[in-house]
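Have a look at the structure below, then the notes.
Read-outs: derived from the displayed coordinates by stated rules, not from any lab. Computed from a predicted model, the values in this text were never measured in an experiment. Methodologically, a virtual Cβ is constructed for each residue, glycine included, from the backbone with ideal geometry; neighbour enumeration extends over all protein chains shown.
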Amino acid sequence: MNQPVRTPRYKGVYPVVPTIFHEDGSLDLEGQKRCVDFMIAAGSDGLGILANFSEQFAISDQERAVLTETILAHVQGRVPVIVTTSHYSTDICIARNRHAKDHGAAMVMLMPPYHGATIRCGEAQIYEFYARLSDAVDIPVMIQDAPMSGAQMSAPFLARLAKEIEQVAYFKIEMPGAASKLRELIRLGGDSIEGPWDGEEAITLLPDLDAGATGAMTGGGYPDGIKTIVDSYFAGDRERAAALYQQWLPLINYENRQGGILTSKALMQEGGIIGWAGGRHPFPPMLPEVRAGLLETARRLDPLVLRWAR
């Protein structure tokens, strides 16, 4: 079983915090704070904010600043917070990273630069992008290797970034064949790879843990369930971790393949944590049949989200 040599500063379950809106599309900051409090109470080792599952693509720059400052101030250091700051522009990313760090972020996470379906950068530009980001802040930079960017970054290239760029030490791998890529990344990068992480709502969590993942950035609706899997695994009880993974997998699958971005909000609304579970227009609402199936699946597991605010 592959393991990174360097002891990670950050490990465990870091679920993505959804962005909470009122029904008119405005930010619901009080609901946002309740959401964060629930996620910490559910045992999250840390939090990720403004990620794709936070609908960062539908949020203005001013709202991004408000959310960053509001959430980090409300967390008050209870857990580390990773702020996603992805953008095509290097200079905009640098400004976002500095803002996040100045307000208490433990780490920033960025996809490689892209725009739309056709604008991509080659390895030379991606290398320089992350090198400039590293030079601008003294907190870790996590590379998000996800299909949304359309960039093809090989394990040897990612390992090179880790070896040569000071702050690049964490990697969230969400591409097909994630476990194989994690193994190759760890093999090639050695002690330059501080944090090889799993993502994609934990749909590949157990194989990724077997490959050496030390962190998981998952959906935000049931951190307590994901924690039982990860904690059992890190305690050396793989059989219990496997049994728990099989137990929670139907709900993980429902989020990854059915409910998507709105899943955690639907669960939080059902549990009375937030008032409205929708996204910002034009993001489509969850179909009533999908919501019913999600809640039926969740109730069999009795996650804290359905009980915490009652």
Among the residues of region 269-289, what is the count of those that are assigned to a loop (DSSP other than H, G, I, E, B), farther than 26 Å from Y14 by Cβ and without any contact (Cβ under 8 Å) to a residue 60 or more places away in the chain?
4
Apart from one, (1) crowded, with 20+ Cβ neighbours inside 10 Å; (2) free of Cβ contacts under 8 Å to residues at least 60 places away in the same chain all hold for S192; the odd one out is (2)
Can you tell me which residue among A292, A298, A309, A266 is outside any loop (DSSP other than H, G, I, E, B), more than 14 Å from G220 (Cα to Cα) and of a type outside the set (F, W, Y)?
A292
So which pairs qualify, if the first residue must be in region 58-77 and farther than 17 Å from V108 by Cα, the second must be surrounded by 15 or more Cβ atoms within 10 Å (Cβ to Cβ) and of a type in the set (G, A, S), the Cβ gap must be under 8 Å, and the two must be at least 6 apart or on different chains?
A58/G279
Among the residues in region 36-58, are any within 18 Å of the chain's Cα centre (by Cα), in a loop (DSSP other than H, G, I, E, B), aliphatic (A, V, I, L, M) and more than 30 Å from K163 (Cβ to Cβ)?
yes
The residue that is surrounded by the fewest Cβ atoms within 10 Å (Cβ to Cβ), considering only those in region 254-282 that are charged (D, E, K, R) and within 18 Å of the chain's Cα centre (by Cα), is R257
Every residue in region 150-174 that is over 16 Å from G199 (Cα atoms), assigned to a loop (DSSP other than H, G, I, E, B) and free of Cβ contacts under 8 Å to residues at least 40 places away in the same chain, please.
G150, Q152, S154, I165, E166, Q167
